[in-house]
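**Q** Below you will find the structure I want to go over with you.
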Amino acid sequence: MNQEELIRFGTGRQLAEIDYLSELLSYQALFKEIHSVSALIHQVQQVIQAINSGYLPDQLPQLAITDVMIADVQQNVLNKFPNQPNKGNVLWGQMVESLENIDFLVRHLRDALIEYFSMYGFVSTPFVQDLSYYTAGYPVLELMAGHGYLSAGLRACQPKQTIIATDNKSWRHQPKVTLRQPVTKVKKMSALSALANYGDSVAVILMSWAPDTSEDDWEVLQAIRTQYRNKKFLVIGEENGATNSKAFWSEAKLKPLLNTHHQSFDLINEQVFEVE
């Protein structure tokens, strides 16, 4: 997607130097003739630069160095030194080491997004567009909104739609928090308080990347089942994995939804579910 097609969520951090990106781009020259590898580097570069500039990025494929890329590198080396195996071996050794480093970096993109932008769940323009279409202009309440990327994207899609973002902002007490302010207006309140205040006035309730360190999500599920059964309840996370409590996953009745443009790019298989 061109930048003009991306959703603008705000001004972005506008960081002049991002060490993660600088390290990744240091391999561009070595692989400039190998399209598959240079395209992978470029995809990650576009994501970092978009978020840094205040745009929700395009969706991502699975990020890794593949067998096809390794074969492309081998062919490139053979083409350069068809009759000079010693020189070819030296270049191959250099490129293999660099491929391992690139693979490590792209597999750890999420760590960089958390470190530089406090984006835990990956929020892309295509996914937010799908979500906005799904909510159809009805009022939305987001629980545990974190830094507000999801609500910011929905607000940008439909400025007149009621989007209520809430979070208890406990993340402010975590070590090495690099982004102190949310990217959009987020009301400070617990998830249960948010339900009590706004549950009756919305049609859709969102909960994204609930922590696995408490059972607040389970309490939310019980509250919705007893008091707000007529609401659509969408959860974004990794089933029995990096997000949410064991109690939540053991009781939630899950229906995968809106995952065409929301697919995992790393080992965390985050998905969107409608929860009964």
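**Q** Return the pairs, sorted by first residue and then second, in which the second residue is among the polar types (S, T, N, Q) and at pLDDT below 95, the first residue lies in the stretch 249-265 and is at positive phi, the beta carbons are less than 8 Å apart, and the residues are 6+ apart or on different chains.
**A** No pair meets every condition.
**Q** On to the next question. Can you find a residue in the stretch 17-33 that is surrounded by fewer than 16 Cβ atoms within 10 Å (Cβ to Cβ), part of a helix (DSSP H, G or I) and hydroxyl-bearing (S, T, Y)?
**A** Looking for residues that are surrounded by fewer than 16 Cβ atoms within 10 Å (Cβ to Cβ), part of a helix (DSSP H, G or I) and hydroxyl-bearing (S, T, Y), one finds at least one in the stretch 17-33, hence yes.
Residue-by-condition table, conditions (1) touching a residue at least 60 places away in the same chain (Cβ under 8 Å); (2) open to solvent by less than 10 Å² (accessible area, probe 1.4 Å):
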site: G93; (1), (2): no, no
site: V96; (1), (2): no, no
site: I102; (1), (2): yes, yes
site: E115; (1), (2): yes, no
site: M119; (1), (2): yes, yes
site: V123; (1), (2): yes, no
site: D130; (1), (2): yes, no
site: G137; (1), (2): no, no
site: E142; (1), (2): yes, yes
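**Q** Condition first: out of contact with any Lys or Arg (no Cβ under 8 Å at 6 or more places or on another chain), hydroxyl-bearing (S, T, Y), over 27 Å from R229 (Cβ atoms) and not in a helix (DSSP H, G or I). Can you find one or more residues in the stretch 167-187 that meet it? Let's see the steps before the verdict.
**A** As a first pass, look at the stretch 167-187 and keep what is out of contact with any Lys or Arg (no Cβ under 8 Å at 6 or more places or on another chain): 170-171, 173-178, 181-183, 185, 187.
Subset that is hydroxyl-bearing (S, T, Y): 170, 178.
Then keep just the ones that are over 27 Å from R229 (Cβ atoms); that gives 170, 178.
Narrowing the set further to residues that are not in a helix (DSSP H, G or I) leaves 178.
Among the residues of the stretch 167-187, at least one is out of contact with any Lys or Arg (no Cβ under 8 Å at 6 or more places or on another chain), hydroxyl-bearing (S, T, Y), over 27 Å from R229 (Cβ atoms) and not in a helix (DSSP H, G or I), which makes the answer yes.
**Q** Out of all the residues in the stretch 188-211, which are open to solvent by less than 30 Å² (accessible area, probe 1.4 Å) and either free of Cβ contacts under 8 Å to residues at least 40 places away in the same chain or not in a loop (DSSP other than H, G, I, E, B) (or both)?
**A** Selection gives A191, A194, L195, G199, V204, I205, L206, M207, S208.
**Q** Please specify each residue of the stretch 34-56 satisfying the condition of being open to solvent by 20 Å² or more (accessible area, probe 1.4 Å) and assigned to a loop (DSSP other than H, G, I, E, B).
**A** S53
**Q** Filter the stretch 57-78 for residues that are within 15 Å of the chain's Cα centre (by Cα) and under 16 Å from A112 (Cβ atoms); which is surrounded by the most Cβ atoms within 10 Å (Cβ to Cβ)?
**A** Initially, the stretch 57-78 is screened for residues within 15 Å of the chain's Cα centre (by Cα), giving 57-63.
Subsequent filtering for residues that are under 16 Å from A112 (Cβ atoms) retains 57, 60, 63.
Values: P57: 24, L60: 18, L63: 20.
Residue satisfying both the conditions and the ranking: P57.
**Q** Which residue out of S53, S26, S38 is of a type outside the set (V, I, T) and closer than 30 Å to R155 by Cβ?
**A** Details: S26 fails: closer than 30 Å to R155 by Cβ; S38 fails: closer than 30 Å to R155 by Cβ.
Exactly one of S53, S26, S38 is of a type outside the set (V, I, T) and closer than 30 Å to R155 by Cβ, namely S53.
The values are calculated or read from the model by the stated rules, or taken from the named source; none is laboratory data. From a predicted model like this one, the values you see are computed outputs, not experimental measurements. All Cβ positions, glycine included, derive from the backbone under ideal geometry; neighbour counts span all protein chains shown. Ligands, DNA and RNA are excluded from the accessible area calculation, which covers all protein heavy atoms including side chains. Shrake-Rupley method; radii C 1.70, N 1.55, O 1.52, S 1.80 Å.
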